[in-house]
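What follows is a set of notes on a single structure, which appears directly below.
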Amino acid sequence: MRRRFVAPAVVAVLLAFPVGCLAGDHHTLYVQVASYVHYHSSPEHKGPPILGAAELHWPDDNQFMGAALFNNSFGQFSQFVYYGWQFPLDWIHTGLHLKVPVGFIHGYRGDHQGDIPLNRFGVAPAILPGIGYKQGRWGADVVMLGTAALLFSVGYEFGD
């Protein structure tokens, strides 16, 4: 099971850096680990609810792209690839931000394919808004996973 998680994560990171370098800007890599908790528990839910993600952030642009790897609520290996925007909320508190990633989730199959709206052929569009706080290179976010769960993440930024 570990290989299934580590290999795609390494590939995502290795692909993200060349894209940033090709653009000629000083991008940063934000790596996160997270866990989620359901609003309502179910005997069908299997663990562990752990997620790993890597994001490439554009400098001074508040845009990012990323990939997250996780076992979904039903124990199926899943992926979320996305592009997003981060909106500073410094007028409320320095370091506070709103984050809006938009992308595609893959991995909900079989009896659970219908558990995500618009899931066709195992792929569904998703918008997963969250609110977070970043100080220095460390950050934390709380993300809404639709009507199913909340995700809590901690991340560290590498690069310029």
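The values are calculated or read from the model by the stated rules, or taken from the named source; none is laboratory data. Note that the structure is a prediction, hence the values are computed from the model and not measured. Cβ: placed from backbone, ideal geometry, glycine included. Neighbour counts: every protein chain shown.
A few notes on this one:
- Within segment 11-30, considering residues that are part of a strand (DSSP E or B) and either in contact with a helix residue (DSSP H, G or I) (Cβ under 9 Å, 6 or more places away or on another chain) or under 18 Å from His112 (Cα atoms) (or both), the one modelled with the lowest pLDDT: Thr28
- Tyr83 vs. criteria under 24 Å from Leu118 (Cβ atoms), at pLDDT below 95, of a type in the set (Phe, Trp, Tyr) and surrounded by fewer than 20 Cβ atoms within 10 Å (Cβ to Cβ): no
- Sub-7 Å Cβ pairs linking a first residue in segment 31-47 that is in a loop (DSSP other than H, G, I, E, B) to a second residue that is surrounded by 11 or more Cβ atoms within 10 Å (Cβ to Cβ), at least 6 apart or interchain, are Tyr39/Ala148; Tyr39/Ala149; Glu44/Phe74; His45/His38; His45/Ser73; Lys46/Phe74; Lys46/Gly75, ordered by first then second residue.
- Out of Tyr133, Tyr108, Tyr156, sole residue that is touching a residue at least 24 places away in the same chain (Cβ under 8 Å) and outside any strand (DSSP E or B): Tyr108
- Residue in segment 136-148 that is modelled with pLDDT under 90 and either of a type in the set (Gly, Ala, Ser) or in contact with a Gly (Cβ under 7 Å, 6 or more places away or on another chain) (or both) present: yes
- Flag for Asp60 being modelled with pLDDT under 90 and in a loop (DSSP other than H, G, I, E, B): yes
- Output for segment 127-160, where each listed residue is closer than 14 Å to Tyr82 by Cβ and among the acidic types (Asp, Glu): Asp141
- Test: residue in segment 112-120 that is in a strand (DSSP E or B), of a type outside the set (Phe, Trp, Tyr), more than 25 Å from His27 (Cβ to Cβ) and at pLDDT below 95: yes
Residue-by-condition table, conditions (1) farther than 18 Å from Val33 by Cβ; (2) touching a residue at least 12 places away in the same chain (Cβ under 8 Å):
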residue	(1), (2)
Gly52	no, yes
Gly66	no, yes
Phe74	yes, yes
Gln113	yes, no
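- Restricting segment 121-130 to residues that are outside any strand (DSSP E or B) and more than 22 Å from Leu56 (Cα to Cα), the residue that is modelled with the lowest pLDDT is Phe121.
- Segment 101-111, residues that are among the small types (Gly, Ala, Ser) and at pLDDT 90 or above: Gly103
- Test: residue in segment 91-100 that is crowded, with 17+ Cβ neighbours inside 10 Å, in contact (Cβ under 8 Å) with a residue 12 or more places away in the chain and outside any strand (DSSP E or B): no
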